[in-house]
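Worksheet: the structure to be examined is printed underneath.
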Amino acid sequence: MNLIQITSAVWQLPFPVGHVHVVRLPDGFALIDTGMPGCAPAVLDALTQLGGRAQDLRQIVLTHPHIDHMGSAADLVEATGALVLAGAADAPVVRGTAPESPAVHTASERALHEQVMAGFSEADVQPPPRVRVDRELHDGDTIDGWGEPVHVLHVPGHTPGSIALHLASSGVLFPGDNIATADGRAILGPFNVDREGAVASFRRLASLDVDALCVPHGEPVHSGAREVLRAATPENDWL
């Protein structure tokens, strides 16, 4: 799996479903999400490609608890001892003490969801093992140890506790599944528990000063993301 460098300290590790992002820290590495179950070996290999070792993984930030984002979290924690950070409202789902909130699908989303689930069934994809949460994140929190301030934004809509991370100094945004890209456009991510809330969260993220957009689904925007986000029309997506 080839790493895609987005900034001097951020790489995308692309997967067929749910990309993982690797961030170089002053004393190691952090991950944004962990991909599907079974992705841990590829993630650990990516750390090796970047000159790191398993024990250099300091933090795993889960933007939300869907299978393509926390699927390999437990395996990576076991292999590395990394701390797990997740949005407070989604933390019980990550831990396995509460069920996932069901998405409300539009007509277009329903067809896509059926296709995705058929693929999971054919591949015999099993639910991911649950994992501890070492720190629950809230809107306005900051994460230390990254070499620059990392601002946490609670962006509900996709899930009740979805979070995004904004690195204001370097202009990098990790939006979670609130935002995807397709054909050079930023679009609303599908499969939301609250579509109106997701659109409002999208608009909040689009108002930030962003240069690079690191999406879990689609191609990254290496520069000029502010203009791409301003031109988006999430209200019209997935109808």
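The heavy atoms of VAL93 present about 10 square angstrom of accessible area, all protein chains included, probe 1.4 Å.
Across SER8, SER223, SER201, the residue with the most accessible area heads the list, and the full order at a 1.4 Å probe is SER8, SER223, SER201.
Computed with every protein chain present, the accessible area of ILE163 is close to 0 Å² [probe 1.4 Å].
This model, with +1 at the C-beta of Lys and Arg and -1 at the C-beta of Asp and Glu, gives the chain a dipole about its Cα centre of some 200 debye. Could you tell me how far the Cα centroid of segment 23-37 sits from the Cα centroid of segment 202-234, in Å? About 21 Å separates the Cα centre of segment 202-234 from the one of segment 23-37. Remark: segment 222-235, residue by residue, has Karplus-estimated 3J(HN,Hα) of 6, 7, x, 5, 4, 5, 4, 5, 5, 7, 6, 10, x, 4 Hz, where x stands for each Gly or Pro and the curve is 6.51 cos²θ - 1.76 cosθ + 1.60 at θ = phi - 60°.
Rounded to the nearest 10 square angstrom, ARG204 shows an accessible area of 90 square angstrom against a 1.4 Å probe. Pairwise Cα separations in the chain fall into 10 Å bins from 0 onward with the following percentages, short to long: 8, 35, 40, 16, 1.
Let's see if you can work this out: charge +1 on each Lys and Arg Cβ, -1 on each Asp and Glu Cβ, no other charges. What is the dipole magnitude of segment 154-239 about its Cα centre, in debye to the nearest 20? Before the final figure, lay out each step's value.
Details: 6 positive and 10 negative charges, 28 e Å.
Once rounded to the nearest 20, the dipole reads 140 debye.
Rounded to the nearest 20, the size of the Cβ-charge dipole of segment 187-232 about its Cα centre is 120 debye, with Lys and Arg at +1 and Asp and Glu at -1. Annotation for segment 82-103 versus segment 114-163: alpha-carbon center distance of 8 Å. With an a/c value of 1.5 or above and a/b not larger than b/c for the gyration tensor axes a ≥ b ≥ c computed over the alpha-carbon atoms, segment 99-239 is described as oblate. The amide H of THR159, built 1.01 Å from its N in the peptide plane, has VAL193 as neighbours under 5 Å, considering only residues 5 or more places off or on other chains.
Per-residue accessible area (protein heavy atoms, 1.4 Å probe) orders ASP124, ASP56 as ASP124, ASP56, starting from the largest.
In terms of solvent-accessible area of protein heavy atoms at a 1.4 angstrom probe, what is the ranking of GLU78, GLU114, GLU235, highest value first?
Details: GLU78 155, GLU114 120, GLU235 80 Å².
So the residues, ranked largest to smallest area, are GLU78, GLU114, GLU235.
Of all accessible surface on the chain at a 1.4 Å probe, what whole percent is carbon and sulfur? Carbon plus sulfur share of accessible area: 53 percent.
What accessible area per residue comes out for the chain, rounded to a whole number of Å², with a 1.4 Å probe? Write down the numbers at each step before the final one.
Numbers: 10020 Å² over 239 residues.
That works out to 42 Å² for each residue.
One equal scatterer on each Cα of segment 137-212, no solvent, Debye formula: the resulting log10 I(q)/I(0) at q = 0.22 Å⁻¹ is -0.97. In the chain, the DSSP-assigned H stretches of four residues or longer account for a calculated mean residue ellipticity at 222 nm of -7000 deg cm²/dmol, using -39500 (n - 2.57) per stretch and the full residue count as denominator.
Would you mind calculating the relative contact order of the chain from Cα pairs under 8 angstrom and at least 6 residues apart, reporting the percent as a whole number?
Working: 526 pairs, mean separation 39.6, N = 239.
Relative contact order comes out at 17 percent.
Provide the net charge surrounding GLY18, with neighbours chosen by a C-beta distance below 10 Å and charges set as Lys +1, Arg +1, Asp -1, Glu -1. Charge balance in the 10 Å sphere: -3.
The values are calculated or read from the model by the stated rules, or taken from the named source; none is laboratory data. Note that the structure is predicted; figures quoted are calculated from it, not measured. Here the Cβ is made from the backbone with ideal geometry for all residues, glycine too, and neighbour counts use every protein chain on show. These accessible areas exclude ligands, DNA and RNA; they are computed on the full protein's heavy atoms, side chains included. Shrake-Rupley method; radii C 1.70, N 1.55, O 1.52, S 1.80 Å.
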